[in-house]
Amino acid sequence: MIEQILEMARRSVLQTLRQPALVIPPVIFPLVMMAINTGGLDAASNLPGFPADSYLDFAIAVPFIQGSLFACVNAGSALARDVESGFMKRLAMTPMQRAALLVGHLGGVMLVALASAVIYLVVGFAVGMDFPAGALGVPAILLLALLVALAFAGLGAFVGLRSGSGEAVQGFFPLFFVLLFLSSMSLPRPLIEQDWFRFIATYNPVSYLIEGIRSFIITGWDAEALALAFGIAIVIAVGGVAAAASALRTRLVRT
Amino acid sequence: MRRFAQVAGAVAWRSIHNVATNPAFLLPSIIFPMFFFVAFAGGLSNVGNVPGFDFPSGYTAFQFVFVLLQASAFGGVFTGFGIAADFERGFTRRLFLAAPSRTGIIAGYALSAWARATVVGVLLFVVGLATGMQVGGDGVDIVGLILLAYLVSLAATLFAAGVAMRLRTLQAGPAMQMPVFLVLFLAPVYVPLDLLAGWVHGVATVNPFTPLIESGRDFISGSAAPAAGAFAIAVALVAAFAWWAVRGLRRAEAAG
């Protein structure tokens, strides 16, 4: 079983690394957007009640979530491609266990997500990001980033397996992107002036994922923010992976 | 000239028909600008209270102008996607054989981009006014803003057409989208130019899109600032990208 998982993870990582289009955008695009927004919204750090001295410290959490969204699309697209190309049907005729297929595939996606998170962190430190959580905060923020990536990758895998169509997975990407924009991504929730927007951001789970990562950078160890972020990430991850496992079972029965 | 107009009209009608009858083409170009308007004007409205931010018509109008020009530009980029798809399907090669005036093909695509920009612009105005956007400019100012949006749409369409005709594949999508995206976002998007910080301020100062967006904001607030410079830049961009698109057309013809 472990051998099967490792083999599927290796295939997943190699598939990603062999296509620069799957590696470069998830790393570069969030950093470019962060750089632009940091310059464009730096003046917002002068608002009364803004929690950080520089907008960079506030904004650096966003690439972690954007990177996870790309992980979601990569996971879903790769599995959809396996369905479309008939790889899944051929696999069904082998003694390969279903769990190994999914765990191995998601493991590969997690490895890429971990590398992205490390890059975001290194870039953050290089441009002068504060990090009051200290040395222990580094593995903790990486763990949270991985959990968030697993949560979105699980959802992406579900869509990919359920639909068996790469186009359908791409079609879901804007939906996740909307969730990101309608969150506390650009301003802290108490500083969002429009009541309806603050209401949506408050009930949007993505706000709490961002705020959990942001807490390491702005406040240090914030028990409430971390409990909410880890809790929500775990719930989405469990739900997403369970849904993906169910879709895989259905997909293999159909073949 | 009559042949040019006939080809342009036929290509425009076909492109508009394709977009209007296919929700997968139509909806993104309508929904994304609305979404950006909601996300920026709603989520960031407190940025209008930053010291030094003194736009008279308020943050909603400030963001409206950016989203209107962005939607106009991206309508042009989406039209470029359509041109690339037509190459992939082999439609453009058949069109080259049939069209008595091939530059009319580019004009036709540009007309369809204008039609798309018109639909999105009208919807944006409706949503903006419905959400209480303050318009300080008079009728002439609004006409100036609309004219600016059409010029931005035309410049972006010609740029994307030039790329599509050189590469002739949908995989050229990022080569059309990313430069436009970067030019748009490396301008004073969220705050006026004076409040931008760091390297973004430096880039925005020399970005040709900055005078366009600033003039658009002057129009909607009714400021008496001169707009001749912005129109001169817009016309120069249109002229430069028209040359780019026609050269691309010649490359596509030579490629067969």
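Numbers below:
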{"item": "Centroid-to-centroid separation of the range B:103-133 and the range A:77-110 [C-alpha atoms, Å]", "result": "44 Å"}
{"item": "Net charge dipole size for the protein assembly as shown [Lys, Arg +1 and Asp, Glu -1 on Cβ; Debye, nearest 20]", "result": "2620 debye"}
{"item": "Radius of gyration and maximum dimension Dmax of chain A, Cα, Å", "result": "18.7, 63"}
{"item": "Mean separation of Cα contacts under 8 Å, 6 or more apart, over the residue count of the range B:185-231: relative contact order %", "result": "31 percent"}
{"item": "Summed residue charge, Cβ within 15 Å of B:T205's Cβ, Lys/Arg positive, Asp/Glu negative", "result": "-2"}
{"item": "Rounded tilt (10° steps) of A:166-181 against the dominant C-alpha axis of chain A", "result": "20 degrees"}
{"item": "Mean Cα-pair separation over length for the range A:2-254, i.e. relative contact order, pairs under 8 Å, 6 or more apart, %", "result": "28 percent"}
{"item": "Dipole of chain B [Lys/Arg +1, Asp/Glu -1 at C-beta], most positive-end residue of B:A71, B:A156, B:F40", "result": "B:A156"}
{"item": "Centroid-to-centroid separation of the range A:120-155 and the range B:213-256 [C-alpha atoms, Å]", "result": "43 Å"}
{"item": "Distance from the range B:1-33 to the range A:61-75 (C-alpha centre basis), Å", "result": "34 Å"}
{"item": "Magnitude of the charge dipole, chain A, Cβ model with Lys/Arg +1 and Asp/Glu -1, debye to 20", "result": "1280 debye"}
{"item": "Acute angle (nearest 10 degrees) that the helix A:61-85 long axis makes with the longest principal axis of chain A, alpha-carbon atoms", "result": "10 degrees"}
{"item": "Equivalent ellipsoid semi-axes - Cα gyration tensor, the protein assembly as shown, angstrom", "result": "39, 33, 18"}
{"item": "Kirkwood Rh and Cα Rg combined as Rg/Rh, the range B:2-255", "result": "0.99"}
{"item": "Rel. contact order, % - alpha carbon contacts under 8 angstrom, at least six apart, the range B:2-255", "result": "28 percent"}
{"item": "Per-residue Cβ neighbour rank within 10 angstrom, fewest leading, A:M96, A:M1, B:M133", "result": "A:M1, A:M96, B:M133"}
{"item": "Cα-centre dipole for chain B with unit charges at Cβ (Lys and Arg positive, Asp and Glu negative), debye to 20", "result": "1420 debye"}
{"item": "Rounded to 10°, Cα long-axis angle of helix B:139-167 versus longest principal axis of chain B", "result": "40 degrees"}
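No value in this document is a laboratory result; all are computed from the given coordinates. This is a predicted model, so every value here is computed, not measured. We place every Cβ from the backbone using ideal geometry, glycine too, and count neighbours over all the protein chains shown.
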